[in-house]
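Below is one structure, written out as structure tokens; the observations come after it.
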Amino acid sequence: MHIVYPVVVSALLFSIGVYGVLARRNAILVLMSVELMLNAVNLNLVAFDVWLRDRLHSGQVLTLFVIVIAAAEVGLGLAIVLAVFRTRRTIDVDRLRALSENAAGTDDESGDGDGGGDREGDRNGGGSRGTVASGGGEAAT
Amino acid sequence: MTSQAQPGLWPPSGPEIVFLLLGVVALGSALLVVTTRRLVHAALWLVVCFGALAGCYLVLTAEFVAWVQVLIYVGAIVVLLLFGIMLTRAPIGRSADLDSGNRWAAAVVGVATAGVLVSVVVSGFHTAYTPLEPGQGAAGTLGSSVFRTWVLPFEVLSVLLLSALIGAIALSRTDIGGRE
């Protein structure tokens, strides 16, 4: 097996992942593109492990570790995405401009309205869930 | 690892043809993941891409990694992503605004990354060749390697996975608020 085949496939897969991270708007699609990039790295690790005939099998063991880290990453990432969706009602990454310098400025009045509504929604959502949750909380206390 | 009787780059041998076909399937489905207009189809094309990559690992004699790939990526991560799509109430059908406005800049960056990486790895590894020997990545060899040499990173990784799961639970429960 020529090593140039797997490393070229891996390089192309990585650049497809780069395009996906930069071009997609939905946060879940961004997470999928990150998974593509991680898989490109995995393919590289396996190919070089086979090429170098490592006695400790560091390439394949590191591939297993990267798979585990990807599982942890996608779990946490989806939890964050769901928390964002719960408070903002959207997961479009270019509409989440709360940390932008001109977020409260002139350009997006609707975004500002969204921001105001976000807090209301947060409070309402927290309240409406809080009624359910506070029952549990009071029962717990 | 250059052997004396190293075959040329062309024509490819039988395993290399299989690997290249699987690589074409993986690259095509990855391209569909990042360009399709339907959110659920993106997750399903991701299954095809990961399956083809598992086939690539099998051709590269890394059989244990291939089955772990099928179990964890196809079985767990894609299902998790589908749950995420479902819970964020994404539209099932065709949606027009999945790509952001800087799509052409992203395409330029992606093509530039591909050009740089492919030219570097081709110029660096065009003579690298190794004959494939089955059994290099069997579960027994890999398991003894994990539990002899790599046992400390393995344990650290299990603690990391546990903390990530606890963090995901704490993030997604709504009745655990911050400090008032």
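The values are calculated or read from the model by the stated rules, or taken from the named source; none is laboratory data. Quantities reported herein were computed from a predicted structural model and do not represent experimental measurements. All Cβ positions, even for glycine, are placed from backbone atoms using ideal geometry, and neighbour counts span all protein chains on display.
Within segment B:136-178, take every residue that is among the aromatic types (Phe, Trp, Tyr) and surrounded by 15 or more Cβ atoms within 10 Å (Cβ to Cβ) and give me the one that is farthest from A:VAL68 (Cα to Cα).
Step one: of segment B:136-178, the residues among the aromatic types (Phe, Trp, Tyr) are B:147, B:150, B:154.
From the residues that got through so far, the ones that are surrounded by 15 or more Cβ atoms within 10 Å (Cβ to Cβ) too are B:150, B:154.
Values: B:TRP150: 14, B:PHE154: 10 Å.
Here the residue is B:TRP150.
Could you say which residue among B:GLY55, B:GLY23 is modelled with pLDDT of 95 or more, within 9 Å of chain A (Cβ to nearest Cβ) and either buried (at least 24 other Cβ atoms within 10 Å of the Cβ) or in contact with a helix residue (DSSP H, G or I) (Cβ under 7 Å, 6 or more places away or on another chain) (or both)? Can you show your working first?
Working: B:GLY55 fails: within 9 Å of chain A (Cβ to nearest Cβ).
Among B:GLY55, B:GLY23, only B:GLY23 is modelled with pLDDT of 95 or more, within 9 Å of chain A (Cβ to nearest Cβ) and either buried (at least 24 other Cβ atoms within 10 Å of the Cβ) or in contact with a helix residue (DSSP H, G or I) (Cβ under 7 Å, 6 or more places away or on another chain) (or both).
Quick one: is B:ALA76 free of Cβ contacts under 8 Å to residues at least 24 places away in the same chain and either of a type in the set (Lys, Arg) or farther than 23 Å from A:VAL18 by Cβ (or both)?
When the stated conditions are applied, B:ALA76 passes them.
When the residues of segment A:85-107 are filtered to those that are buried (at least 17 other Cβ atoms within 10 Å of the Cβ) and part of a helix (DSSP H, G or I), which remaining residue is modelled with the lowest pLDDT? Steps first, please.
Here is the first cut: in segment A:85-107, the residues buried (at least 17 other Cβ atoms within 10 Å of the Cβ) are A:85-86, A:88, A:91, A:93, A:96-97.
Subset that is part of a helix (DSSP H, G or I): A:85-86, A:88.
On the way: A:PHE85: 91, A:ARG86: 89, A:ARG88: 86.
Once the filter is applied, the top-ranked residue is A:ARG88.
Is it true that B:THR130 is assigned by TED's automatic domain parsing to the domain that holds B:PRO7, of a type in the set (Ser, Thr, Tyr) and touching a residue at least 24 places away in the same chain (Cβ under 8 Å)? Give the derivation first.
Details: assigned by TED's automatic domain parsing to the domain that holds B:PRO7: no; of a type in the set (Ser, Thr, Tyr): yes; touching a residue at least 24 places away in the same chain (Cβ under 8 Å): yes.
So B:THR130 fails the test.
Filter segment B:79-93 down to the residues that are facing chain A (nearest Cβ under 7 Å) and without any contact (Cβ under 8 Å) to a residue 12 or more places away in the chain, then identify the one that is nearest to A:LEU64 (Cα to Cα).
B:LEU80
Scan B:VAL74, B:VAL118, B:VAL146, B:VAL156 and give me the residue that is modelled with pLDDT of 95 or more and either under 21 Å from the mean Cα position of the chain (by Cα) or at the interface with another protein chain (Cβ under 7 Å from one of its Cβ atoms) (or both).
Working: B:VAL74 fails: modelled with pLDDT of 95 or more; B:VAL146 fails: modelled with pLDDT of 95 or more; B:VAL156 fails: either under 21 Å from the mean Cα position of the chain (by Cα) or at the interface with another protein chain (Cβ under 7 Å from one of its Cβ atoms) (or both).
So the residue among B:VAL74, B:VAL118, B:VAL146, B:VAL156 that is modelled with pLDDT of 95 or more and either under 21 Å from the mean Cα position of the chain (by Cα) or at the interface with another protein chain (Cβ under 7 Å from one of its Cβ atoms) (or both) is B:VAL118.
Being among the hydrophobic types (A, V, I, L, M, F, W, C) and surrounded by 18 or more Cβ atoms within 10 Å (Cβ to Cβ) is true for just one of B:ALA96, B:ALA106. Which residue is that?
On the way: B:ALA96 fails: surrounded by 18 or more Cβ atoms within 10 Å (Cβ to Cβ).
Exactly one residue qualifies, and that residue is B:ALA106.
Quick one: B:LEU31 ticks every box in (1) over 30 Å from A:ASP94 (Cβ atoms); (2) modelled with pLDDT of 90 or more bar one, so which box is it?
It is condition (1) that B:LEU31 fails.
Can you name the number of the only condition in (1) in contact with a helix residue (DSSP H, G or I) (Cβ under 7 Å, 6 or more places away or on another chain); (2) more than 9 Å from every other protein chain (Cβ to nearest Cβ) that B:ALA96 fails?
It is condition (1) that B:ALA96 fails.
Which numbered condition trips up A:ARG55, out of (1) assigned to a helix (DSSP H, G or I); (2) surrounded by fewer than 20 Cβ atoms within 10 Å (Cβ to Cβ)?
(1)
Say we look at segment A:45-88 and pick out the residues that are among the basic types (Lys, Arg) and at the interface with chain B (Cβ under 9 Å from one of its Cβ atoms); which of these is nearest to B:ILE166 (Cα to Cα)? If you could, list the steps in order and put the result at the bottom.
Filtering segment A:45-88 for residues among the basic types (Lys, Arg) gives A:53, A:55, A:86, A:88.
Next, from what is left, pick out any that are at the interface with chain B (Cβ under 9 Å from one of its Cβ atoms): A:53, A:55, A:86.
Values: A:ARG53: 38, A:ARG55: 36, A:ARG86: 19 Å.
Among those that are among the basic types (Lys, Arg) and at the interface with chain B (Cβ under 9 Å from one of its Cβ atoms), it is A:ARG86.
Scan (1) touching a residue at least 40 places away in the same chain (Cβ under 8 Å); (2) buried (at least 24 other Cβ atoms within 10 Å of the Cβ) for the single condition A:LEU36 breaks and write down its number.
(1)
Return the residues of segment B:36-50 that are surrounded by fewer than 19 Cβ atoms within 10 Å (Cβ to Cβ) and out of contact with any Phe, Trp or Tyr (no Cβ under 9 Å at 6 or more places or on another chain); say none if nothing qualifies.
Across segment B:36-50, the qualifying residues are B:ARG37, B:ARG38, B:VAL40, B:HIS41, B:LEU44, B:VAL48.
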